[in-house]
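Read the structure below first, then the notes.
The values are calculated or read from the model by the stated rules, or taken from the named source; none is laboratory data. In this text the structure is predicted, and so the values were computed from the model without any measurement. Methodologically, a virtual Cβ is constructed for each residue, glycine included, from the backbone with ideal geometry; neighbour enumeration extends over all protein chains shown.
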Amino acid sequence: MNLESLQAFFVPALLVAFPLIAAICLNFIHGRDRAVKGFALISVIVVLLLPWITQYGVYWFGGHPYVDNIEGTNIMLSKLNLAIVYNFGVIQKIFIALLALLASAAIVIHFTERTSGVYIAMIMLGIASASAVIMADDVFNIFVFLEILTISQAALVIAVGSVKAYKTALKYLILGGVAGSAILLGISLLLGKYGMLNVSDLHNVIVSEAQSGISQTLIIACALIFTGWLFESGMVPFHIIKSDVYSKARPSVAAFMQTQTKFILVAMWVIILRLFYGIPTFNALVLGVAVLSMIFGVIMALKQTEFTRLLAYVAVAQAGLVGVGLGIATKASVSAGVFHAINDAMAMAILFLSASIVLQITKTLNMHKVGGLLWKTGSIPLWSMLGIFAVSGMPPFNTYQSEFRIISAASEAGYPELSVLIILTSIATFVALMKGFYAVYLKEGQDYLGKGEKEEAAYSIRIEFVMAILLAICLGIGLFPQSVLQYVQQFVISLGVI
Amino acid sequence: MISGYMLMGYIFMFTALFGSVLALIQRDLMKAVILIGLEGLAVAFLYQTLRAPDVGITQAILGAALLPGIFAITVYKTRREEE
Amino acid sequence: MSLESLFQPMCFLTAAALVVVGLYAVIFMDNLLKKIIGVTLISDGVNLVLITEGFNKMVAIISPDMFEQGVISQTFENLKEFPEFAAQAAFPLPSALVLTSIVISVSIFAIMLALAIRLYQEYGSLSCSVIFKEVEE
């Protein structure tokens, strides 16, 4: 058994299969704490390693042969209709590696409170479903794993145990069921008209059919799948329920969930762009929805009184900014948008992790009740301040590079008003986050500051460690943006549509 | 003349539709649950008429036995008369 | 326009009616259980659309030795070649989608109903205007 055959074992399907198997096993050993801890640590290490050693390429799960005539003769030729396909390239590797990092952080932080096998199983289910949606090249996979993602996120919200969390989870499940049915109805229309589920095949057939006009079935299928995309990525009509979900879950796992949402936004947009590019108003629709979610997210962030809700609305606004980059649909803006998704996921994760520390110390996240944590938490305020700079797009961080590129691409493409809007959003994000920082660290606290309180409040070192790693990566990408940007630009060129 | 298979298909279609509308009008929740079970069963038979027997078996088990079962447990644990 | 040829369009119409009734229930009904029944109806309607698309006049499940000697059907006596048969059989791909969809929906409904029981124990009523009343924080 030489190195070649060992390398050939790591196919992209393993990235989805391994977390699923780990989730099932963790479910079985749920009561026993030490077994759960050991098994979870092993699977965390494997999940962190797997994206780096998986081979690049296209991986398909069998096809069904169909026979077709060559023109004008009676010769029957058997062709292979690719059914279920996974694409694994550099961009997918970056996405899945980042997801694995944040999920591992969430699991390791969870061990400080108590050990629950089902909770870690739900995080593993989240990794599996997000990896499958990022890698998939056919609509069947996307539908199945989006439903599994809905279940996983709802379960992570239910695990908190308060009545408000139950209400949020119920609303999220009802909306998720309806949105999943909408996606399935759009897929059924595509299946009925063209007879295949593979995106590359559908793209060729739709492009060749579009010579004679856009068909009505395609427009209705686009509307349905677009509605499903709006729900899964937290855009305008559904931004309230998504930010509710981020704020009611534990903050360490909310960092993981908002990363999932941003990457699924990009991955699903790539799929629906390749299918529905011929429809004339498609890009305008994406741009309109993204601008609205950007504005509403920031406006609602400014008036929140709970710290994680503020962060959640900022995350929604940044997802809208990514959508703006994707909606302008030129090569430069799409690469800037995808780059911003990667950068902003890391930067928001830093802030969510700092909220997790605040929750550990003060047991509440209401901004009227916390305060005065500046000298009690070591160097956490420093990392939080740097995180706020990172989210608002200040140099030398990576979000500066990506926001700058989106703004310049917007004015090059003929939308200078959009550049002004993005700059205003960035300023408003900074104001909202500084309000949160002041409320948590700078002002006088009321509840828990008693006489004889120790100087240093107790918090976990692991969270600080993860925050420092993420800040270092943000700084590194900010100083050398071309290292990641070249892969993003190659990915955009390989889409073939823009 | 229409074949017997298709006639049964039409009967199941109307049963499903009327069962679902009637289930939503009820004030007694247990009756609504039974009507939803009836609608699931009609849809299962409709799948068989549409030449998909595997899906018919799955819908009969899950949609006509399991799902009304857990609905009935919920109605039993909450309240029976409500609009 | 015999009743036989209208069968497939009428199935589509039934599915559309189920989706509309389910959507009405989710949006307008006050009781929580009726909302969940509405989501059930929506998913039933969408599954019916998928299966109806795959409908064709004839389907058969053939064994390997029947495959060797060709298939003789009741409707078309001259049909002995497998590719000709496969071109007229019902489309099997929607069955796979529907099976996955039914199973995932059942698990989502199980979680929703467990949450409904828990919320009833907390609030004492299943009416949505009582449970989801906006509280000033």
Check: Only one of these conditions is not met by C:Ala86: (1) surrounded by fewer than 14 Cβ atoms within 10 Å (Cβ to Cβ); (2) at pLDDT below 60. Which number is it?
Finding: (2)
Next item on the list: Mind counting the residues in region B:47-56 that are touching a residue at least 12 places away in the same chain (Cβ under 8 Å) and more than 7 Å from every other protein chain (Cβ to nearest Cβ)?
Entry: 2
Next item on the list: Would you be able to tell me the number of residues in region C:41-59 that are farther than 18 Å from A:Ser188 by Cα and at the interface with another protein chain (Cβ under 7 Å from one of its Cβ atoms)?
Entry: 1
Check: Would you call B:Gly9 at the interface with chain C (Cβ under 7 Å from one of its Cβ atoms), buried (at least 18 other Cβ atoms within 10 Å of the Cβ), part of a helix (DSSP H, G or I) and in contact with a Phe, Trp or Tyr (Cβ under 9 Å, 6 or more places away or on another chain)?
Finding: yes
Next item on the list: Could you list all residues from region A:98-113 that are free of Cβ contacts under 8 Å to residues at least 60 places away in the same chain and farther than 19 Å from A:Leu471 by Cα?
Entry: A:Glu113
Next item on the list: Go through (1) over 25 Å from A:Glu306 (Cα atoms); (2) part of a helix (DSSP H, G or I) one by one and return the number of the condition A:Pro395 breaks.
Entry: (2)
Checklist line | Every residue from region C:21-40 that is touching a Phe, Trp or Tyr at 6+ places or on another chain (Cβ under 9 Å) and within 11 Å of chain A (Cβ to nearest Cβ) | finding: C:Leu32, C:Ile36, C:Gly38, C:Val39, C:Thr40
Check: Inside region B:33-46, can you point out the residues that are of a type in the set (Gly, Ala, Ser) and within 9 Å of another protein chain (Cβ to nearest Cβ)?
Finding: B:Gly40
Next item on the list: Within region A:368-379, work out how many residues are surrounded by 19 or more Cβ atoms within 10 Å (Cβ to Cβ) and either on the phi > 0 side of the Ramachandran plot or touching a Leu at 6+ places or on another chain (Cβ under 8 Å) (or both).
Entry: 1
Next item on the list: Identify all residues within region B:60-83 that are in contact with a strand residue (DSSP E or B) (Cβ under 8 Å, 6 or more places away or on another chain) and either more than 8 Å from every other protein chain (Cβ to nearest Cβ) or at pLDDT 95 or above (or both); write none if there are none.
Entry: B:Arg80, B:Glu81
Next item on the list: State whether the residues of region A:441-460 include one that is more than 27 Å from A:Lys303 (Cβ to Cβ), modelled with pLDDT of 85 or more and exposed (fewer than 14 other Cβ atoms within 10 Å of the Cβ).
Entry: no
Next item on the list: Please find, within region C:1-15, the residue that is surrounded by the most Cβ atoms within 10 Å (Cβ to Cβ) out of those that are under 24 Å from A:Leu185 (Cβ atoms) and more than 8 Å from every other protein chain (Cβ to nearest Cβ).
Entry: C:Ala15
Notebook entry, point to check: Filtering region B:19-31 down to residues that are among the aliphatic types (A, V, I, L, M) and more than 7 Å from chain C (Cβ to nearest Cβ), which residue is nearest to C:Gly54 (Cα to Cα)?
Noted result: B:Leu22
Item checked: Residue count, region A:192-213 (criterion: more than 14 Å from chain C (Cβ to nearest Cβ), free of Cβ contacts under 8 Å to residues at least 40 places away in the same chain and in contact with an Asp or Glu (Cβ under 9 Å, 6 or more places away or on another chain)) -> 0
Next item on the list: Considering each of A:Ala121, A:Ala155 in turn, give the residue that is touching a residue at least 40 places away in the same chain (Cβ under 8 Å) and assigned to a helix (DSSP H, G or I).
Entry: A:Ala121
Checklist line | 2 or more residues buried (at least 23 other Cβ atoms within 10 Å of the Cβ) and either polar (S, T, N, Q) or at pLDDT below 90 (or both): qualifying helices (runs of 4 or more DSSP H) within region A:238-351 | finding: A:239-248, A:251-276, A:307-328
Margin query: I'm told C:Leu18 meets every condition in (1) within 11 Å of chain B (Cβ to nearest Cβ); (2) at pLDDT 85 or above; (3) out of contact with any Asp or Glu (no Cβ under 6 Å at 6 or more places or on another chain) except one. Can you identify the failing condition by its number?
Written below: (3)
Notebook entry, point to check: What strands (runs of 3 or more DSSP E) lie completely within region A:1-113 and have 2 or more residues being within 21 Å of the chain's Cα centre (by Cα) and at pLDDT below 90?
Noted result: A:85-88
